[in-house]
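The next block holds one structure in the form of structure tokens; read it before the comments.
None of the figures in this text is laboratory data; all of them are computed from the coordinates on show. As the structure is a computational prediction, the values presented were derived from the model and not from experiment. Cβ: placed from backbone, ideal geometry, glycine included. Neighbour counts: every protein chain shown.
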């Protein structure tokens, strides 16, 4: 699993990246009440907003950590957005993207580097 400084995570399997928000981000947001996932077929560019998460505290964009095409969205989040608080780094993924450049994944922080980054906040 790799992480961004914007608190998204990516897990790569072949050329498909599963993307979600980190436990740190889910905790900072508070109770999540709404999730908007991207449309299947949408082309995304690393760094661009591609999903939205709203909590009782705030609404936030979720940024694509990698470039590619959305091949699947987690529809369960529409009915049960609280999954983001319950299991942010597993079942509450936002989308799966066919990665156009696997090197983008390798450039992200591993868990140790992300934990070190969090310690600076």
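Semi-axes of the equivalent ellipsoid for segment 76-121, please: Cα gyration tensor eigenvalues, times 5, square-rooted, ordered largest first, whole Å.
Working: eigenvalues 114, 71, 9 Å².
In descending order the semi-axes read 24, 19, 7 Å.
Three principal axis extents of the chain based on alpha-carbon atoms, in descending order, are 36, 35, 21 Å. Taking other C-beta atoms within 10 Å as the exposure proxy, 4, 120, 18 rank 120, 18, 4 from fewest upward.
Helix-only estimate, please: 222 nm mean residue ellipticity of the chain, summing -39500 (n - 2.57) across DSSP H runs of length 4 or more and dividing by its residues, to the nearest 500.
The per-residue figure over the chain is -4500 deg cm²/dmol.
Arranged by the count of other C-beta atoms within 10 angstrom, fewest first, what order do 6, 31, 79 take? Each step should come with its number before you reach the end.
Numbers: 6 16, 31 12, 79 9.
Fewest to most other Cβ atoms nearby, the residues stand as 79, 31, 6.
Under 10 Å, Cα contacts only: if you run a Gaussian network model on the chain, which one of 76, 51, 95 comes out with the highest mean-square fluctuation? Top of the fluctuation ranking is 76. Each part gets one Cα centre, and for segment 53-108 versus segment 1-46 those centres are 3 Å apart. Would you mind estimating how fast segment 1-70 diffuses translationally, via Stokes-Einstein at 10 °C and 1.306 mPa s with the Kirkwood radius over Cα pairs, in µm²/s? Here the translational diffusion coefficient equals 128 µm²/s. The distance between label points at residue 31 and residue 15 comes to 4.4 nm (points 7 Å beyond Cα on the Cα→Cβ vector).
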